[in-house]
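Readers should treat all values here as calculations from the given coordinates under stated rules, not as data from a laboratory. In this text the structure is predicted, and so the values were computed from the model without any measurement. Ideal geometry is used to build each Cβ from the backbone, glycine not excepted, and the neighbour counts take in all protein chains shown.
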Amino acid sequence: MELLDNPIREYAWGSHTVLADFLGRPAPTSRPQAELWIGAHPAAPSRLRSGPPLDDHIGADPDAALGPRAVAAFGPRLPFLLKILAVAEPLSLQVHPDREQAERGFAAERAPLGDPARNYKDSWPKPEILCALTDFHALCGLRDPSVSAELLAGIPGLGPVAALLSRGDIRAAVETLLTWPSPKDAVAEAGAVAPEPYASLAASHPGDMGVIVAMLMNEVRLAPGQALYVPPRLPHAYLSGTGVELMAGSDNVLRAGLTPKHVDVAELLSVASFEPGPPAVLDPVRHGGEDVYPAPVAEFRLSRLDAGEGAVLPPAGPQLLLCTEGLVRLRRGERTVELSRGEAVFARHQGGPIELAGSGTVFRASLPVR
């Protein structure tokens with residue numbers, strides 16, 4: 001087990017206090033802090049306190065770090081990325097590619113790495129799951145188009161979009177909105193009559209047609225301990241709250257709005273799913289001393305543990321263990337590590353079981369159990 005130092009990503013939608021408080025650092029911060037990354041993604045890898053970045057540590061001996069099963073399935077890299085999200089302002093309305101789309105898009109990408117106009121930063125899919133640490137507000141997936149049609153019917157000028165929704169043609173409705181010739185007027189009209197949270201989105205994003213696309217989506221409110229699974233291709237946006245997020249090891253984002261960043265309408269329409277349906281809100285399932293959040297993906301498994309219950313974790317490929325409350329002791333063989341809130345370790349595949357003790361909460365990122 002190796003203690004990690006984990007990078008913070010500063011984005012405009014982040015908080016000046018949440019991550020600083022979580023890590024026991026001075027607050028408020030001068031810049032908004034949005035995400036704490038725990039993993040080995042090359043864009044911002046964690047670093048072992050004993051020295052090297054985690055991606056270099058894994059690359060030095062992938063079989064020992066990840067295990068033969070993980071290397072055979074995903075290559076010599078950690079297949080998941082764990083984060084803490086501190087959402088003080090809405091994130092962009094976005095979708096993530098599936099594996100085939102990511103591989104094709106990355107191979108065809110012409111913009112250089114680091115270019116703001118680049119769509120694909122890597123060749124990996126990006127399913128994700130978010131577990132709320134506080135009350136969490138999100139938009140996820142498309143709702144019954146007849147409900148959206150009723151909402152848009154009361155907005156002057158959006159009658160053609162409401163008609164498309166009444167016919168069930170959600171894709172054409174979204175394409176029409178994202179290519180609207182006078183977005184400033186349409187968003188102002190929507191903001192004047194729409195309920196919350198759309199009125200606030202219109203006020204903070206004038207002229208951004210992502211506001212009206214958001215009106216076609218399911219509103220989700222998570223209580224602490226509940227999770228939201230977001231498969232690839234599903235439109236979503238996080239509006240407020242703090243949560244633990246686990247995803248495949250990718251940084252691919254295609255944006256539809258609520259952002260000044262690059263929006264590629266054609267690519268977004270080629271990737272997104274426009275099938276309506278309810279969001280996948282998950283309550284944990286008890287399994288072998290863990291509260292597991294079941295998600296139908298190969299790249300990761302998210303679970304939560306109460307250290308006071310004295311769980312023993314069997315060897316199971318690579319693992320990231322993050323303390324979110326209290327003080328936790330981890331013992332593996334002759335080595336014991338203490339974690340306080342905000343601290344995390346990487347546990348290699350090679351090694352024995354891990355014993356938990358103390359009084360606190362641990363989130364565990366690992367591979368699915370076969």
Note to self: C-alpha centroids of segment 105-179 and segment 205-247 sit apart, in Å, by 10
Assuming 0.36 nm per residue, please report the length gained on full extension of the stretch Thr336 to Ala192 beyond their Cα-Cα distance. 46.0 nm
Result row for the chain, helices from DSSP H with C-alpha axial extent 15 Å or more and mean Kyte hydropathy at least -0.5, is 183-193
If contacts are Cα pairs under 8 angstrom and at least 6 residues apart, what is the relative contact order of segment 96-168 in percent? 24
Considering segment 23-167, what Rg and Dmax in Å follow from its alpha-carbon atoms? 20.7, 62
Over segment 298-366 - Rg/Rh using Cα atoms and the Kirkwood inverse-distance radius: 0.93
Rounded to whole Å, sorted largest first: equivalent-ellipsoid semi-axes of segment 1-106, Cα gyration tensor: 28, 21, 9
Contour minus Cα-Cα span, Ser182 to His287, at 0.36 nm per residue, comes to 32.5 nm
In vacuo Debye scattering of segment 147-209, one point per C-alpha: log10 I(q)/I(0) at q = 0.17, 0.18 Å⁻¹? -0.52, -0.59
Would you calculate the separation in nanometres between label points at Asp144 and Ala60, each defined as 7 Å from the Cα along the Cα-to-beta-carbon direction? 5.9
Relative contact order of the chain, defined on C-alpha pairs under 8 angstrom at six or more residues apart (%): 21
Take each of the peptides 81-89, 343-351, 196-204, average the number of other beta-carbon atoms within 10 Å over its residues, and list them starting from the highest. 81-89, 343-351, 196-204
Inter-part distance where segment 1-45 and segment 319-370 are each reduced to a Cα centre, Å: 20
Please report the projected area of the chain's Cα convex hull averaged over all directions, in nm². 18.2
